[in-house]
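Read through the structure below, which is laid out as structure tokens, and then see the notes.
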Amino acid sequence: MNSLWSAPTREGTCEIAVTLDSPVPHKVIALGDVHGRWAEVWRALRAAGVASGVGEATQTLLSGSTEVVLIGDLVHYKDPESYAQAVGEEAFDASDPRHLRRAAKAQIRELCRFKGYMDCSSGAVSVILGNHDEAALTRHYTLATQGGLEHSEFDPSKGGLMLPDELGSWMANFPRQKVIGDVQFAHAGPLPGMGVYDTFFYHDPDTRRWWRDKPELAQQSGCRFGVYGHTVMPDGIYLDKTYFFAMIDALDACQFLELTFLGDELHAGIRTF
């Protein structure tokens, strides 16, 4: 490794060490926003040693020595190409109820698979509630891709399918934040308001830019380290060496965050899969 803050090395590692008040002797695997990219999620979990080749929990996960945290936004593909691939068409037509229902069914199938994995994990797997997850549940806001493609596949009024009751109940119980060993996990950022997905959330520029423009906000979490998603990191996971937090929406870069608790120290490493 050339320096503490270099890009990932050949081994896919870039680390920071933080001293903790409450030592926890184990490891946490944290993955960024999913948005239907389940192939990448399963590859990451296999690379971390917490899922088998057939998507079952491994002994590493079941032993209690390792936890998994998904930082939210399980649903809604990120671009028209991903929608088209999911429905098996050259182009996705958001005005066609058949396309919407097929997009919903493709995601429902993968959500059920992950729920099964989580249910068999003995409590070692957690998912943070993302704004897209809540939008699919409540349909209070219609979200869209950066190109303007509306996410309507879970809205029956627009021709989509409602999430099945079992999945809806499961997702509705996702926490808005989780604290493990003095580390905060939240979807968008460290402040309580960043976990309330209302009109202010969607119009406040800090929701996406705080990590760059106001990184000192991380110190208001009350934790020694923070792990957040919501904002895409095109160059890979971002580790802040001054305010001690990570931005991990980086599945496109094939990266996840590995936190290792050693005594009163936390080692945060970027892993490439």
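See the values below:
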{"quantity": "Only one of Val87, Val75, Val34 that is more than 24 Å from Arg271 (Cα to Cα) and touching a helix residue (DSSP H, G or I) at 6+ places or on another chain (Cβ under 7 Å)", "calculated": "Val87"}
{"quantity": "Residue list for the range 121-139, filter: part of a helix (DSSP H, G or I) and either surrounded by 22 or more Cβ atoms within 10 Å (Cβ to Cβ) or not hydrophobic (A, V, I, L, M, F, W, C) (or both)", "calculated": "Asn131, His132, Asp133, Glu134, Ala136, Thr138"}
{"quantity": "From the options Arg209, Arg176, Arg102, residue that is under 30 Å from Lys241 (Cα atoms), in contact with a helix residue (DSSP H, G or I) (Cβ under 7 Å, 6 or more places away or on another chain) and not aromatic (Phe, Trp, Tyr)", "calculated": "Arg176"}
{"quantity": "Hits in the range 45-57 - residues which are surrounded by 23 or more Cβ atoms within 10 Å (Cβ to Cβ) and assigned to a loop (DSSP other than H, G, I, E, B)", "calculated": "Val50"}
{"quantity": "Residues satisfying the stated conditions in the range 58-94, i.e. in a loop (DSSP other than H, G, I, E, B), surrounded by fewer than 20 Cβ atoms within 10 Å (Cβ to Cβ) and at pLDDT 95 or above", "calculated": "Thr58, Asp79, Gly88, Glu89, Glu90, Ala91, Asp93"}
{"quantity": "Tally of residues being of a type in the set (Asp, Glu) and under 20 Å from Leu129 (Cβ atoms) across the range 201-256", "calculated": "3"}
{"quantity": "Search result, residues across the range 1-57 that are at pLDDT 60 or above, closer than 24 Å to Leu262 by Cα and charged (D, E, K, R)", "calculated": "Asp21, Lys27, Arg46"}
{"quantity": "Subset of the range 207-234 (residues that are free of Cβ contacts under 8 Å to residues at least 24 places away in the same chain and either surrounded by fewer than 16 Cβ atoms within 10 Å (Cβ to Cβ) or in a loop (DSSP other than H, G, I, E, B) (or both))", "calculated": "Arg208, Arg209, Arg212, Asp213, Lys214, Pro234"}
{"quantity": "Qualifying residue in the range 144-166 (condition: surrounded by fewer than 21 Cβ atoms within 10 Å (Cβ to Cβ), of a type in the set (Phe, Trp, Tyr) and on the phi < 0 side of the Ramachandran plot)", "calculated": "no"}
{"quantity": "The listed residue being β-branched (Val, Ile, Thr) and in contact with a Ser or Thr (Cβ under 6 Å, 6 or more places away or on another chain), out of Val69, Val125, Val75, Val87", "calculated": "Val69"}
{"quantity": "Residues within the range 111-126 that are within 22 Å of Tyr77 (Cβ to Cβ) and not basic (Lys, Arg), tallied", "calculated": "6"}
{"quantity": "Single residue of Thr260, Thr199 found to be more than 19 Å from Arg37 (Cα to Cα), modelled with pLDDT under 95 and of a type in the set (Ser, Thr, Tyr)", "calculated": "Thr260"}
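Rundown of residues vs (1) in a loop (DSSP other than H, G, I, E, B); (2) more than 20 Å from Arg176 (Cα to Cα); (3) touching a Pro at 6+ places or on another chain (Cβ under 9 Å); (4) not charged (D, E, K, R), yes/no style:
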| residue | (1), (2), (3), (4) |
| --- | --- |
| Arg43 | no, yes, no, no |
| His99 | no, yes, no, yes |
| Lys105 | no, yes, no, no |
| Phe114 | no, no, no, yes |
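The values are calculated or read from the model by the stated rules, or taken from the named source; none is laboratory data. Computed from a predicted structure; not experimentally measured. Counting neighbours? That spans all protein chains shown, and the Cβs are built from the backbone with ideal geometry, glycine included.
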